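Mind having a look at this structure? Questions to follow.
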Amino acid sequence: MGREEILNSVRKNKPELLPLPEINVDLFNEDIDLLSGFKEKVALVGGTIKQLTSSKDIDNEIMMMYPNATNIVNRTQVSSLGTVSISEKTQPKDLEDVDLAILRGTFGVAENGAIWISEEQLYIRALPFITNDLLIILGKKDICQNLHKAYELISKRKRTFGLFISGPSKTADIEQCLVIGAQGALSLTVLLI
């Protein structure tokens with residue numbers, strides 16, 4: 001059987017498309033404290049939460065947490081730290097020595113401690129995976145309850161790259177032995193402002 005015969009057979013036997021079911025996302029709403037739930041879930045997945053009363057203290061807090069970080073990429077407006085400049089032309093291989101990446105989170109999800117990062121905050125898609133440590137700055141008011149609400153929020157965005165980050169990189173694939181930092185950052189800190 002040739003290629004065209006196979007493709008024609010597939011086209012001829014293609015099942016009828018069914019509409020997606022309507023889901024009433026209000027059924028999943030709970031009366032919970034979003035901030036407390038988010039903090040609890042970030043800790044559960046291995047992240048660290050620091051809560052600041054003012055954005056004026058951000059740089060001091062970061063320097064206390066990462067005193068040995070010398071190669072810092074900063075993609076935020078609220079911190080003045082940053083020793084490595086990046087642009088659209090920067091290649092991921094040029095970031096192999098990055099100690100700390102500072103990013104701005106768009107919103108967090110109380111249900112699982114995940115944070116949405118859009119391409120506008122990244123510049124380089126590999127940045128949150130290639131850095132040793134990852135610090136995400138997130139507004140306390142920017143937390144939604146669950147992934148249903150999160151997907152509702154991102155459905156309104158310009159269709160570009162984005163991702164949810166939840167905790168530091170970890171795997172237990174090999175003999176079920178937990179390894180932190182196997183495919184990404186060794187640590188994740190969320191600064192709530």
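Please give the calculated 222 nm ellipticity per residue for the chain, where each DSSP H segment of at least 4 residues contributes -39500 (n - 2.57) and the sum is spread over every residue; nearest 500 deg cm²/dmol?
Helices in the chain give a 222 nm mean residue ellipticity of -6000 deg cm²/dmol.
Give me the percent of the accessible area of segment 98-156 that comes from carbon and sulfur atoms, probe 1.4 Å, all protein chains in place.
The nonpolar share, carbon plus sulfur, comes to 53 percent.
Under the rule of at least 5 residues apart or a separate chain, name every residue whose amide H is placed under 5 Å from the amide H of K140.
Result for K140 returns I193.
I've got another one for you. Go through segment 167-178 residue by residue and turn each phi into a ³J(HN,Hα) via Karplus (6.51, -1.76, 1.60, θ = phi - 60°); whole Hz please, and just put x for glycine and proline.
Taking θ as phi minus 60°, the curve returns x, x, 5, 7, 8, 9, 5, 8, 6, 6, 9, 5 Hz for segment 167-178.
If you don't mind, there's one more thing I want to ask. Where only protein heavy atoms count, and the probe is 1.4 Å, what is the accessible area per residue for the chain in Å²?
Result: 62 Å² per residue.
Also, quick follow-up: Given the pairs K50/K156; K39/K141; K89/K156; K50/K141; K41/K170; K50/K140, which span a C-alpha to C-alpha distance of over 18 angstrom in this model?
Those over the limit are K50/K156; K89/K156.
Antiparallel as a % of all DSSP beta bridges within segment 36-193, to the nearest 5?
The antiparallel fraction comes to roughly 30 percent.
Let me ask something else. Compute the angle between helix 34-44 and the longest alpha-carbon principal axis of the chain, please, reported from 0 to 90 degrees and rounded to the nearest 10.
Taking the Cα atoms of the chain, the angle to 34-44 is about 90 degrees.
Further question on the same structure: What label, among (i) 18.8; (ii) 16.5; (iii) 17.1, belongs to Kirkwood radius over Cα pairs in Å computed from the structure on display?
(i)
While we're looking at this one, here's another question. Between G47 and residues 5 or more places away or on another chain, which pairs have amide H atoms under 5 Å apart, with H built 1.01 Å from N, and which residues are they?
Residues meeting the amide H criterion: none.
Just need the relative contact order of the chain here, percent rounded to a whole number, with Cα pairs under 8 Å and 6+ apart.
So the answer I get is 25 percent.
Let me ask something else about it. Using the Karplus curve 6.51 cos²θ - 1.76 cosθ + 1.60 with θ = phi - 60°, work out ³J(HN,Hα) for each residue of segment 49-57 in order, rounded to whole Hz, and write x for Gly and Pro.
10, 10, 10, 10, 8, 9, 6, 5, 8
The values are calculated or read from the model by the stated rules, or taken from the named source; none is laboratory data. Because the structure is a prediction, the values reported are computed rather than measured. Note: accessible area is taken over every heavy atom of the protein model, side chains too, but ligands, DNA and RNA are not part of it. Shrake-Rupley method; radii C 1.70, N 1.55, O 1.52, S 1.80 Å.
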